[in-house]
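See structure below.
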């Protein structure tokens, strides 16, 4: 009986939830061809903490991430990884 009571009144542990900015949730047709042709992704105002799964978007030129929780150092790391500057100069 005590175990049941203790589980009922126990406080839930705090969870750190991250909202991932996944471009696959945005595009209407979810296949590799459409991802390859996609040049712009809008992730604005979605409480995004982290950006993931952009490897299949090689022609991405514009990424809207305003009004989110992505930290500046995380943005810089991602932009270096994707070489946005080199792609835009072509």
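Of all residues in the stretch 19-39, those being touching a residue at least 24 places away in the same chain (Cβ under 8 Å), closer than 22 Å to residue 77 by Cα and exposed (fewer than 12 other Cβ atoms within 10 Å of the Cβ) number 0.
Among the residues here, residue 12 does not qualify as modelled with pLDDT of 90 or more and in a loop (DSSP other than H, G, I, E, B). Here is the figure for the stretch 34-64: residues that are within 11 Å of residue 20 (Cα to Cα) and part of a strand (DSSP E or B) total 2. Under the condition of being surrounded by 13 or more Cβ atoms within 10 Å (Cβ to Cβ) and farther than 18 Å from residue 17 by Cβ, which residue from the stretch 65-76 is modelled with the highest pLDDT? Among those that are surrounded by 13 or more Cβ atoms within 10 Å (Cβ to Cβ) and farther than 18 Å from residue 17 by Cβ, it is 65.
The values are calculated or read from the model by the stated rules, or taken from the named source; none is laboratory data. If you're wondering where the values come from, they're calculated on a predicted model, not measured in any experiment. Heads up, the Cβs are rebuilt from the backbone with ideal geometry, glycines too, and the neighbour counts pull from every protein chain shown.
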